[in-house]
1. With the checklist (1) open to solvent by less than 90 Å² (accessible area, probe 1.4 Å); (2) farther than 30 Å from S157 by Cα in hand, flag the one item V93 doesn't pass.
2. Would it be correct to say that R152 is open to solvent by less than 100 Å² (accessible area, probe 1.4 Å), of a type in the set (K, R) and without any contact (Cβ under 8 Å) to a residue 40 or more places away in the chain?
3. Out of curiosity, is I102 within 15 Å of Y158 (Cβ to Cβ) and open to solvent by 70 Å² or more (accessible area, probe 1.4 Å)?
4. How many residues are open to solvent by less than 90 Å² (accessible area, probe 1.4 Å) and without any contact (Cβ under 8 Å) to a residue 40 or more places away in the chain when one looks only at the range 113-127?
5. If a residue must be free of Cβ contacts under 8 Å to residues at least 24 places away in the same chain, in a helix (DSSP H, G or I) and open to solvent by 60 Å² or more (accessible area, probe 1.4 Å), how many such residues does the range 14-55 contain?
6. Within the bounds of the range 117-125, is there any residue that is hydroxyl-bearing (S, T, Y), more than 22 Å from the chain's Cα centre (by Cα) and either farther than 30 Å from I7 by Cα or assigned to a helix (DSSP H, G or I) (or both)?
Amino acid sequence: MNKDNLITIGFLIFLIIFTGADIFHDINEGIEFSHLLHEALILAFSSLIIIFKLYKSLQSNRTILTLTNQANQATLEAHHFKNEIQKYKNGLVEAIGQQFKIWGLTDSEADVALLLVKGLSMKEIATTRGTSEATVRQQSSSIYQKSNLDNRNQLTSYFLEDLF
């Protein structure tokens, strides 16, 4: 229950207690019925508002609990799918590595080929590997020659065409 509801309910309980005490005192003094009716209505409506506030708070708590459970379930499903995707990704990387071995790529060429498939530019590959662009270009040419492919697009397509 939030702070505003607690303050409202606290005020209404205070109002009920003092209105009830006033009604009891007024009955002992013999105050007229219409005045007692007004105070009884204040007491009744204050009680109804408290009941309504408690009901709505309980309803909100149930909704929060339901949504929390759904969010937790969604998180578990997301982790499951993330793990599944990682397995497929690992399998794809392994299959690509196997193909690189079949083509007879050196370890350096395989690294460059993987970065080409990932879409990095020659400059980005050179920076990533700590080599010159000329070296990356030479290795790329060797990769295309050993794989019997003409360019980066064909290299990437070789691994992606059967995925879709």
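1. Checking V93 against (1) open to solvent by less than 90 Å² (accessible area, probe 1.4 Å); (2) farther than 30 Å from S157 by Cα, the one that fails is (2).
2. yes
3. Values: within 15 Å of Y158 (Cβ to Cβ): yes; open to solvent by 70 Å² or more (accessible area, probe 1.4 Å): yes.
The answer is yes for I102.
4. 8
5. Within the range 14-55, residues that are free of Cβ contacts under 8 Å to residues at least 24 places away in the same chain, in a helix (DSSP H, G or I) and open to solvent by 60 Å² or more (accessible area, probe 1.4 Å) number 18.
6. yes
The values are calculated or read from the model by the stated rules, or taken from the named source; none is laboratory data. No experiment lies behind these values; they were computed from the predicted model shown. Every residue, glycine among them, receives a Cβ derived from its backbone with ideal geometry; neighbour counts consider all protein chains shown. Heads up: the accessible areas ignore ligands, DNA and RNA and are worked out on the full protein's heavy atoms, side chains in. Shrake-Rupley method; radii C 1.70, N 1.55, O 1.52, S 1.80 Å.
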